[in-house]
Amino acid sequence: MASSPRNSVVARPVVTVVGLGPGPAGLVTSETLDAIGAETTKFLRTSRHPSASLVDGATSFDDEYERHDTFAAVYSAIATQVAEAAVRNGRALYAVPGSPSVLEDGVRRLIADERLDVRVLSAVSFLDLAWSRLGID
């Protein structure tokens, strides 16, 4: 018996969010490098980061900072564009400086988008380096 459309499970588009760490490419995890290599639809929050070159062929959102008056508007525009690309293509990668879990409103917006499955890969944040250099435990 054929399954009815109501009983079939439809996979949601996947957005993989990766952090590029706080600086040099050596701080980017192998899991992140694998994710970058596996995707064809790639976005960078900014190309002004030492490890941005690892995300070859990515579309940068640097111009969004000039286009909008507030960071909230910037991150809203970025989340909308990444989500729309994922819906169109079935998947997308979004790379951010530092860690995707620290001060990333665009990532929070993607996670809140019920159309998407969002996979967030951990990364070293600038806070990790600061705490280490300051000797904070």
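Taking residue 46, is it of a type in the set (S, T, N, Q) and either touching a His at 6+ places or on another chain (Cβ under 7 Å) or under 13 Å from residue 104 (Cβ atoms) (or both)? Working first, answer last.
Working: of a type in the set (S, T, N, Q): yes; either touching a His at 6+ places or on another chain (Cβ under 7 Å) or under 13 Å from residue 104 (Cβ atoms) (or both): yes.
Against the criterion (of a type in the set (S, T, N, Q) and either touching a His at 6+ places or on another chain (Cβ under 7 Å) or under 13 Å from residue 104 (Cβ atoms) (or both)), residue 46 qualifies.
Would you say residue 75 is of a type in the set (Ser, Thr, Tyr), touching a residue at least 12 places away in the same chain (Cβ under 8 Å) and within 18 Å of residue 12 (Cβ to Cβ)?
Numbers: of a type in the set (Ser, Thr, Tyr): yes; touching a residue at least 12 places away in the same chain (Cβ under 8 Å): yes; within 18 Å of residue 12 (Cβ to Cβ): no.
It is false that residue 75 is of a type in the set (Ser, Thr, Tyr), touching a residue at least 12 places away in the same chain (Cβ under 8 Å) and within 18 Å of residue 12 (Cβ to Cβ).
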message = Only one of 83, 112, 92 is under 20 Å from residue 11 (Cα atoms), in contact with a strand residue (DSSP E or B) (Cβ under 6 Å, 6 or more places away or on another chain) and either modelled with pLDDT of 95 or more or open to solvent by 60 Å² or more (accessible area, probe 1.4 Å) (or both). Can you tell me which?
response = 92
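On the basis of being of a type in the set (Asp, Glu) and either modelled with pLDDT of 85 or more or not in a loop (DSSP other than H, G, I, E, B) (or both), does residue 137 make the cut?
Answer is no for this residue.
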request  = Return yes or no: is residue 107 touching a residue at least 60 places away in the same chain (Cβ under 8 Å), open to solvent by 40 Å² or more (accessible area, probe 1.4 Å) and in a helix (DSSP H, G or I)?
outcome  = no
task = Give the residues of the range 24-53 that are at pLDDT below 85 and in contact with a Gly (Cβ under 9 Å, 6 or more places away or on another chain), sorted by residue number.
result = 27
task = Name, by its number, the condition in (1) open to solvent by less than 70 Å² (accessible area, probe 1.4 Å); (2) touching a helix residue (DSSP H, G or I) at 6+ places or on another chain (Cβ under 9 Å) that does not hold for residue 71.
result = (1)
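The values are calculated or read from the model by the stated rules, or taken from the named source; none is laboratory data. From a predicted model like this one, the values you see are computed outputs, not experimental measurements. As a convention, Cβ positions derive from the backbone with ideal geometry for all residues, glycine included, and neighbour counts pool all protein chains shown. The protein model used for the area step is the full one, side chains on, heavy atoms only, and it has no ligands, DNA or RNA in it. Shrake-Rupley method; radii C 1.70, N 1.55, O 1.52, S 1.80 Å.
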